[in-house]
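Below is one structure, written out as structure tokens; comments come after it.
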Amino acid sequence: MGFDKNFLWGGATAANQFEGGWNADGKGPNSSDCCTRGSKKLPRRVTYMTKEGTVDSQMMFTLNAPEGAVFGCFDGYDYPSHEGIDFYHHYKEDIALLAEMGFKTFRLSISWARLYPTGLETEPNPKGIEFYQNVFNELKKHNIEPLVTLSHYETPVGLTNAWNSWADRRTIDCFMRYAKTCFESFGDSVKYWLTFNEINAIEHMPWLAGGVASKDPAVIACAARNQLLASALTVKLAHETNPAFKVGNMVSYAVMYAHTCSPEDVLKTRRIQNNTLFFCDVQCKGVYPKNKLNQYRQRGIEFELTEEDKKILKEGTVDFISFSYYMSTCVSADPEVMANQAGNMVFGVKNPYLKTSEWGWQIDPVGLRVSLNELYSRYELPLFIVENGLGAQDTVEEGQIHDSYRIDYLRAHIEQMKKAVEEDGIDLMGYTSWGCIDLVSASSGEMAKRYGFIYVNKHDDKTGDNSRMKKDSFDWYKKVIATNGEDLA
Ligand code: BGP
């Protein structure tokens with residue numbers, strides 16, 4: 001009973017949200033570097049130069065760039081990824097703190113533009129390789145197993161400016177060059193790899209998930225196919241490079257409940273859920289599901305899937321499924337209900353049984369158990385929860401941070417995860433809570449939305465000395481890991 005003795009406890013991060021050093025040692029700008037800081041009320045924006053030569057911006061979630069726009073970073077804008085929390089210069093101190101908590105694993109991503117500044121180079125930047133080698137050596141020193149995401153919400157902006165990034169098949173070759181470099185350079189230190197973070201996000205957040213500057217459904221369908229092909233080729237290359245490598249996909253998974261038991265609500269919920277899982281279907285089963293192809297046809301989306309593409313997808317299925325889980329949502333077939341009650345970032349109707357976080361995300365620990373059951377019965381592959389956590393404002397009181405709300409959130413989710421393993425027989429490899437050290441929020445670009453066990457003295461007005469401080473949750477999580485999830489008190 002209980003968690004396996006090799007259960008991978010740890011925490012998760014992403015390069016663009018915490019490294020800083022955005023142009024250090026030859027790194028090029030990526031899609032996240034062009035996103036401004038937002039807030040609860042103010043959406044993030046993406047900046048570019050129009051073909052007439054004026055600097056302009058659009059909202060990140062709805063970006064549909066004018067023809068000829070050249071993306072970049074400009075004076076007068078505040079871009080939170082540029083400084084992050086400066087892990088670039090603090091990695092030794094940060095990894096020592098993670099080790100003190102007893103981390104078995106640490107999820108981090110490699111910044112593609114640190115290795116290939118525009119994405120178009122044929123040789124990698126040695127300084128970029130050196131940085132990650134140092135980080136992996138440090139992790140090895142502390143016996144922490146790295147879990148590496150190859151693409152986490154950042155694409156070299158050079159690829160967007162060249163041919164709209166993932167919308168063009170040529171990006172696959174650039175990505176494969178980068179993946180090969182990672183496997184060859186870091187293969188001695190890294191065994192667990194993830195291809196694309198929340199790959200299913202490309203459908204509703206094409207800029208964040210792929211540096212794609214368009215909302216055209218046909219363009220997005222191509223970008224999704226190209227990422228799926230790159231993912232499959234990466235899995236194949238990983239296994240050829242080292243048969244001991246384990247490669248997972250990564251999907252965002254918000255459980256969806258029917259708003260009422262009306263059959264129409266249930267049908268709509270299932271259809272949306274199927275669409276969310278379409279990426280997972282391709283990455284686990286190696287084929288495009290017929291319902292997705294049918295959806296493209298019905299919407300008049302021209303879509304090419306060659307025999308060679310089908311072969312690639314078939315040959316590159318993943319070893320395990322990893323996913324993020326923060327919340328659940330409700331779906332109604334009635335457009336008026338959907339429109340009036342949209343409750344949080346993903347979308348959906350407010351659930352009267354659930355409380356929400358300060359940022360409006362519905363807190364649903366049982367939903368985590370639901371998601372584990374749904375994914376496991378659909379695919380029967382080992383699962384890995386690689387993101388889960390509470391974004392909240394923390395206050396420092398006399399040098400301490402009493403984040404009991406965060407402990408409550410995590411405890412409730414870990415309890416459900418335990419039940420899923422013990423009572424439902426789910427094969428679960430590990431758990432890495434999101435933002436184990438405070439970092440920049442992906443959706444809002446804020447520092448104020450904190451997830452960490454470790455507080456970072458860095459604020460949205462750019463004040464703070466980047467010093468690190470343990471929160472109450474630090475010792476709590478340390479105990480959870482030390483007892484392999486037995487003591488959650
Ligand atoms: C996931 C992303 C992460 C992370 C997290 C929390 O969707 O993979 O990068 O940021 O959400 O979201 P936020 O930072 O918007 O609170």
Exercise for review: Can you figure out the FRET efficiency of Asn294 with Lys462, using R₀ = 60 Å and their beta-carbon distance, to the nearest 0.05?
Suggested key: 0.75
Check your understanding: Label-point separation (nm) for Glu315 and Lys92, each offset 7 Å from Cα along Cα-to-Cβ?
Key -> 4.5 nm
Review point. Between Asp25 and Asp472, what is the label-to-label distance in nm when each label sits 7 Å out along the Cα-to-Cβ direction?
Key: 3.9 nm
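Between Glu336 and Asn64, how high is the FRET efficiency from 1/(1 + (r/R0)^6) when r is the Cβ-Cβ distance and R₀ = 22 Å? Nearest 0.05. Don't skip to the end; give the middle numbers.
Values: r = 27 Å, r/R0 = 1.22.
My answer for the efficiency is 0.25.
Would you mind getting me the FRET efficiency between Gln133 and Leu267? Use the beta-carbon distance for r and R0 = 51 Å, nearest 0.05. All intermediate terms of the calculation are to be shown ahead of the outcome.
On the way: r = 52 Å, r/R0 = 1.02.
About 0.50, to the nearest 0.05.
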Practice item. With the convex hull built on the Cα atoms of the chain, state its orientation-averaged projected area in nm². Key: 22.1 nm²
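For the chain, what does -39500 (n - 2.57) per DSSP helix run (n ≥ 4), summed and divided by total residues, give at 222 nm, in deg cm²/dmol to the nearest 500? Walk me through the numbers on the way to the answer.
Numbers: 16 runs with 184 residues, N = 489.
So the calculated ellipticity at 222 nm is -11500 deg cm²/dmol.
Note the full-extension length gain between Lys355 and Thr50 as 0.36 nm times their separation in residues minus their Cα-Cα distance, in nm to one decimal.
Details: separation 305, 0.36 × 305 = 109.80 nm, distance 4.36 nm.
105.4 nm is the gain from fully extending Lys355 to Thr50.
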Point to revise | Net lengthening on full extension, Glu100/Lys41 (0.36 nm per residue, minus Cα-Cα) | key: 17.5 nm
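Can you tell me what the convex hull of the Cα atoms of segment 267-420 projects to on average, as an area in nm²?
Numbers: hull surface 49.3 nm².
Computed as one quarter of the Cα hull surface, the answer is 12.3 nm².
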Review point. For segment 357-397, which whole-number percentage of the solvent-accessible area (1.4 Å probe, protein heavy atoms only) is attributable to carbon and sulfur atoms?
Key: 50 percent
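Going through the DSSP H helices of the chain, which span 30 Å or more along their own axis at the Cα atoms while scoring at least -0.5 as a mean Kyte-Doolittle hydropathy?
217-241
When only C-alpha pairs under 8 Å and at least 6 residues apart count, what is the relative contact order of the chain, in percent?
After rounding, I find 17 percent.
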Study note, to complete from the structure: Over 18 Å (Cα to Cα) among Lys215/Lys285; Lys40/Lys471; Lys104/Lys141; Lys236/Lys311; Lys236/Lys314 -> Lys215/Lys285; Lys40/Lys471
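Ignoring ligands, DNA and RNA, how do His142, His82 rank by accessible area with a 1.4 Å probe, largest first?
Numbers: His142 60, His82 30 Å².
Largest accessible area first, the residues go His142, His82.
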Point to revise | Residue-span extension gain [Glu415 to Lys141] - 0.36 nm each, minus C-alpha spacing | key: 95.5 nm
Check your understanding: How many times 2.2 N^0.38 Å is the alpha carbon radius of gyration of segment 380-489?
Key -> 1.16
Exercise for review: Could you work out how far the C-alpha centroid of segment 52-122 sits from that of segment 144-204, in angstrom?
Suggested key: 13 Å
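The values are calculated or read from the model by the stated rules, or taken from the named source; none is laboratory data. All values derive from a computational prediction rather than experimental measurement. So basically every Cβ, Gly included, is an ideal-geometry build from the backbone, and we count neighbours across all protein chains shown. Remember, those area values only see protein heavy atoms, side chains included, never the ligands or the DNA or RNA. Shrake-Rupley method; radii C 1.70, N 1.55, O 1.52, S 1.80 Å.
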